[in-house]
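Undergrad: Let me give you the structure first, and then I'll get to my questions.
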Amino acid sequence: MSPDMPVSPSRCHALVPCAGVGSRSGAKGPKQYEMLGGQPLVWHTLHALSSVPDIHRILVVVSPGDDFIKNAPERVDTQAVGGASRAESVSNGLAALLATGASADEWVLVHDAARCLVLPGDIQRLIDACRGDAVGGLLAVPLADTLKQASDGRSAQTLARAGKWLAQTPQMFRIGALQAALAPHAANGYEGITDEASAMELAGHCPLLVEGGSHNLKVTYPQDFLVAKALLEGRA
């Protein structure tokens, strides 16, 4: 898609893959349902998304048989079409959006359930930046730390950090374009597809980088719960 193609505004949907088990988190069950600040972690995520007026609908993709998400915030729906991988869950979620009234030229913001600290203002800034773009983009932060290449557990080389960014979510693309970018990778289990932007890059697109904030961390390890709790308390 050429960057100078005319782009028409359209509705924005959010898609939250929520079918993972979070094996590295140390939680007894899926990490997105662990309590954090008096609420399940994913509730903070959904509250941030539902606080953005420009998001028309939020679709949460859960595993078959998962009925944890009940009485969710306004504009939140669930579809039990979660797959074996995050990419498969996203692909199934895109199909569910199209089957329930969305159109291929509308936008979808894919956001990790475990990024519960994202700010509504950052989400809105991504929408504002991408709506006039022919490809779409993602929240990300420039790499601040020194980057090392490891060899047998030792630092073998220092890599240049200029021009390197740490990808975050949401990642915002047209529903049809993202679906087309993911489709060729279904046969090999979406190997190498670590996020939506990686699929778009392999399809020949160059997503826009929109600077986010360091607070938008993904809760992955046990200590991340402590950091997230402290940040939430600081906001309160």
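Undergrad: With a cut-off of at least 2 residues that are out of contact with any Pro (no Cβ under 9 Å at 6 or more places or on another chain), touching a residue at least 40 places away in the same chain (Cβ under 8 Å) and under 27 Å from residue 48 (Cα atoms), name the strands (runs of 3 or more DSSP E) lying wholly within the stretch 114-231.
TA: On the way: elements: 136-142, 147-151, 154-159, 165-174, 208-211.
Counting at least 2 such residues, we get 136-142, 165-174, 208-211.
Undergrad: With the requirement that a residue be out of contact with any strand residue (DSSP E or B) (no Cβ under 8 Å at 6 or more places or on another chain) and touching a residue at least 24 places away in the same chain (Cβ under 8 Å), what does the stretch 53-65 give you?
TA: Scanning the stretch 53-65 gives a single hit, 63.
Undergrad: Then there's this: Collect the residues in the stretch 41-59 that are in a strand (DSSP E or B) and either surrounded by 18 or more Cβ atoms within 10 Å (Cβ to Cβ) or among the charged types (D, E, K, R) (or both), keeping them in residue-number order. Give the steps one after another, and end with the answer.
TA: First pass over the stretch 41-59, keeping only residues in a strand (DSSP E or B): 55-59.
Within the stretch 41-59, 55, 57, 58, 59 meet the criteria.
Undergrad: Can you pull out every residue in the stretch 168-225 that is among the small types (Gly, Ala, Ser) and closer than 19 Å to residue 20 by Cα? Show your work before the answer.
TA: Pass one, the stretch 168-225, residues among the small types (Gly, Ala, Ser): 176-177, 180-181, 183, 186-187, 189, 192, 197-199, 203-204, 212-214.
Selection gives 186, 189, 192.
Let's see how each residue does on (1) at pLDDT 95 or above; (2) closer than 23 Å to residue 47 by Cα; (3) surrounded by 11 or more Cβ atoms within 10 Å (Cβ to Cβ):
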| position | (1), (2), (3) |
| --- | --- |
| 125 | yes, yes, yes |
| 144 | no, no, no |
| 184 | yes, no, yes |
| 188 | yes, no, no |
| 191 | yes, no, no |
| 200 | yes, no, yes |
| 235 | no, yes, no |
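Undergrad: So, one more: Filter the stretch 74-101 down to residues that are assigned to a loop (DSSP other than H, G, I, E, B) and touching a residue at least 60 places away in the same chain (Cβ under 8 Å) and give me whichever is surrounded by the fewest Cβ atoms within 10 Å (Cβ to Cβ). Break it down into steps so the answer makes sense when it comes.
TA: Going through the stretch 74-101, the residues assigned to a loop (DSSP other than H, G, I, E, B) turn out to be 74-75, 80-85, 100-101.
Filter once more, keeping what is touching a residue at least 60 places away in the same chain (Cβ under 8 Å): 82-85.
On the way: 82: 23, 83: 20, 84: 11, 85: 16.
Among them, the one singled out is 84.
The values are calculated or read from the model by the stated rules, or taken from the named source; none is laboratory data. What you see is a predicted model, and the numbers here were worked out from it, not measured in a lab. As a convention, Cβ positions derive from the backbone with ideal geometry for all residues, glycine included, and neighbour counts pool all protein chains shown.
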